[in-house]
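Read through the structure below, which is laid out as structure tokens, and then see the notes.
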Amino acid sequence: EETVTSSFASFIHEVRPEHLSKTVCHRSKRMILDSIGVGLVGSTTPVFDIALQYCRELYSSVAMSSVYGRPGIKLSPTLAAFTNGVATHSMDFDDTWHPATHPSGAVLPALLAASQMLPPSNKPNGMEFLLAFNVGLEVQGRLMHFSTEAHNIPKRFHPPSVVGTMGSAAATAKLLSLSTAQCANALGIAASLAGAPMANAATQAKPLHIGNATRLGFEAALLAARGMEANPLILDDIPGCSGFSAFYSIYQPKPLSTPNDHHEFLLEKQDIAFKRFPAHLGMHWVVDAALSVRNLFINYAGCFSPSLIRTIVLKIPVSKYINRPFPSSEHQARHSFQFNACAALLDGEVGLSSFSESSIHRPELRELLDKVVVEHPEDNVANFDKMYGEVALLLHTGDVLTGKCDTFYGHWRKPLSKESLLKKFRSNASHVLPEEKVETIITMVDSMENLSDSSQL
């Protein structure tokens, strides 16, 4: 008798490259390129250095897998996946899906490391790599759709630490050509390795969530390949015995149909959000709203003059961990509606330099933060598909200027153009790679279908 868990295992085992549509291939290649760029620039951060030093000093390893931004260093495959996962989320610059999670960072580092791990006679080609990546995305998306709780900005578990671990296990199981039973065991093992609390958001520990997801999912697949067994009903809803439902208060699982010529991947129906600047996705609404009202203010006053502003009203959804009136670190600033709105007002943009120590502690920025008042309209829900950001400037003259954003540029409803995505990648990757290598990566990802050995990536 088929169960939800067995249906997922069958899907992972049986899906083939020909099941990927042109749309899915196009969208997932954009995700891969963006994620590599984000990981490369993330390799310049202090938290990445901590993770890399930890892996190099505390573990002896068979060094065969590459590390972002460090051409002279290789680690064991699972530790390379961990380190590169930390890099990907070190600036909160990675892609975001709906329901809310960061899908690429939890999957791509494991696949890159696994590709280098496999012997020359068994290297996956580009289409096999692309298929495994999409298996990892599909499993994450399907699991999130089992719970209405998952559709909203999270309060308990950080989603990629939960579904990302499962996605990494599924993707790696596919790349390693595990049997159906082994795929089921990989999911079961991964469920025992998943989960991280939201309390560590806005700290250096948060990037570990992605690092652990991609590493531990990878390890789950390796353990399953070596014969380790797990609960064969891990995804099913079994009364009195929580499986994957332990992570969600509302959980209604459904089988995943066996792939066929008409299978529609979730990525076909739901595009991804790419971030234009390195901060929590919710910040992108308030930044675009702030930039809009800033332009109105300049037209009104001739220049941006903070002294004319009496109060700054932010209308945002209720979400405790990104409502931070006076952030004191870069990670807190990346998770602060108030900071991002004020930085956009003051500078006319938000970028990498906005989160430097000197930028965060500017007196003029603090003066703007002192003027912020937060409101939570009932119609502004904590949901990345429904929320909006509104910034109103109440002037000493009595006039009120308002900017509102319900779909920022980069959202799945308003995707980045090819030019914008390439500009972001080139900017990120050029922090650690010469121009010719940056362009080589772009070419390789764009033509992955023709890549004979994906470990070259």
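The values are calculated or read from the model by the stated rules, or taken from the named source; none is laboratory data. The structure displayed is predicted, hence computed values, not measured ones. In this analysis, Cβ positions are derived from the backbone assuming ideal geometry, glycine residues included, and neighbour counts consider all displayed protein chains. Ligands, DNA and RNA are excluded from the accessible area calculation, which covers all protein heavy atoms including side chains. Shrake-Rupley method; radii C 1.70, N 1.55, O 1.52, S 1.80 Å.
On the beta carbon distance between Lys22 and Glu2, with R0 = 45 Å, the FRET formula returns roughly 0.90. Computed from Cα positions, the angle between helix 22-42 and the longest principal axis of the chain comes to roughly 70 degrees.
Applying the criteria of a DSSP loop state and at most 16 other Cβ atoms within 10 Å to the GluC sites (Glu not before Pro) of the stretch 188-297 yields Glu229, Glu264. Rounded to the nearest 500, the helix-only mean residue ellipticity at 222 nm of the chain stands at -14000 deg cm²/dmol, with each DSSP H run of n ≥ 4 adding -39,500 (n - 2.57).
For Ser179, nonlocal amide neighbours, meaning residues 5 or more places apart or on other chains whose placed amide H falls under 5 Å from its own, do not occur.
The shape of the stretch 242-303 comes out prolate: with a ≥ b ≥ c from the C-alpha gyration tensor, a/c is at least 1.5 and a/b beats b/c.
Applying 0.36 nm per residue to the separation of Phe326 and Glu436 and subtracting their alpha-carbon distance, the gain on full extension is 35.4 nm.
Summing charges over neighbours of Lys437, with a neighbour being any other residue whose Cβ is under 14 Å away from its Cβ, gives -1 when K and R count +1 and D and E count -1.
Projecting label points 7 angstrom from Cα along Cα→Cβ for Lys155 and Thr258 puts them 4.2 nm apart. Site pair Glu229 and Ser305 shows an inter-label distance of 7.8 nm when each label is modelled 7 Å from Cα along Cα→Cβ. Only protein heavy atoms count here; under a 1.4 Å probe, Leu233 has an accessible surface of about 70 Å².
Out of the GluC sites (Glu not before Pro) in the stretch 367-431, which ones are loop residues according to DSSP with at most 14 other C-beta atoms within 10 Å?
Hits after loop and neighbour filter: Glu378.
Loop-located GluC sites (Glu not before Pro) in the stretch 1-78 (DSSP state not H, G, I, E or B) with no more than 16 neighbouring Cβ atoms inside 10 Å: Glu1, Glu2. At full extension, Ala63 and Val374 could sit 106.9 nm farther apart than now, given 0.36 nm per residue minus the alpha carbon distance.
Per residue, the stretch 281-405 exposes an accessible area of 42 Å² to a 1.4 Å probe, with every protein chain left in place. Inter-label distance, Lys418 to Lys386: 3.6 nm, where each label sits 7 Å from its Cα along the C-beta direction.
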